[in-house]
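First the structure, in the form of structure tokens, and then the observations on it.
The values are calculated or read from the model by the stated rules, or taken from the named source; none is laboratory data. Only a predicted model underlies this, so the values are computations on that prediction, with no experimental measurement involved. When we count neighbours, we look across all protein chains shown, and the Cβ atoms used for this are built from the backbone with ideal geometry, even at glycine. These accessible areas exclude ligands, DNA and RNA; they are computed on the full protein's heavy atoms, side chains included. Shrake-Rupley method; radii C 1.70, N 1.55, O 1.52, S 1.80 Å.
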Amino acid sequence: MTTKSVFCQGVEGAERLFREAPSLRGAVLSVFLLLGLLPSSWADQVWEFVDGDGVTHIGNVPPSAASRGVIWLNRVPPVSVMKGKDRGPSALQFSGYDDVKQHLEAAAVAQSLDPAFVIAVAAAESAFNVKAVSRKGALGLMQVMPATAERYGVAARPSSEGEHAAMEPKVNAQIGTRYLADLLRMFDGDKELALAAYNAGEGAVIKHGRRIPPYPETQQYVEKVMRFYRGMLR
């Protein structure tokens, strides 16, 4: 049986969980204590749960629905822990990497990009979960928006399994990497600006004077990918 996974982000989800699901507070707090987490580091964690319909969900802060049980899968050290250290966390800690490595590396080589950079983006976007779908509709391994897929010639047609064609890992890696390559060219090879544009859109970066927009989610995203990238270069 094929399960659909949903990738969710946003600190507000964690806050709603504690307001709306008092029965889960003890369990979630126990996890926080066990891992030594603080609210400021939630954005750097990965959780997974299966809802009543058998749908697998994955994200980086706890979901808001009261009936959902949260299982924390991996811990990525928060920014404050990494400051002053030479090593970054490994993007390869997530399960699923071996299954998608060849697609990410091939896509990177085709666009003359550093494979480690592309892999770092995929790790931050979906933790290598090829079935991930965000609340905003971003799809698959590199969380490609349908409009972006169409820009690169992949229309919203279903695949053989009834999914959007961009959900196929090889195709998804190609689309995401082509977009990333175009953003790097647009911003003169500046990786951090390209990442900010990948997350918030190129218009947002241009609007803010070709700088990383002052959006907490985007700033955290750029830092997260760059930590993964630096960790792979060590």
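What number of residues within segment 133-148 satisfy the criterion of being over 15 Å from Leu104 (Cα atoms) and either surrounded by 24 or more Cβ atoms within 10 Å (Cβ to Cβ) or touching a Pro at 6+ places or on another chain (Cβ under 9 Å) (or both)? Before the answer, list the steps.
Taking segment 133-148 first, the residues over 15 Å from Leu104 (Cα atoms) are 133-139, 145-148.
Narrowing further to those that are either surrounded by 24 or more Cβ atoms within 10 Å (Cβ to Cβ) or touching a Pro at 6+ places or on another chain (Cβ under 9 Å) (or both): 137-139.
The qualifying residues number 3.
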query = Among the numbered criteria (1) in contact with a Pro (Cβ under 7 Å, 6 or more places away or on another chain); (2) open to solvent by 30 Å² or more (accessible area, probe 1.4 Å), which single criterion is violated by Glu202?
reply = (1)
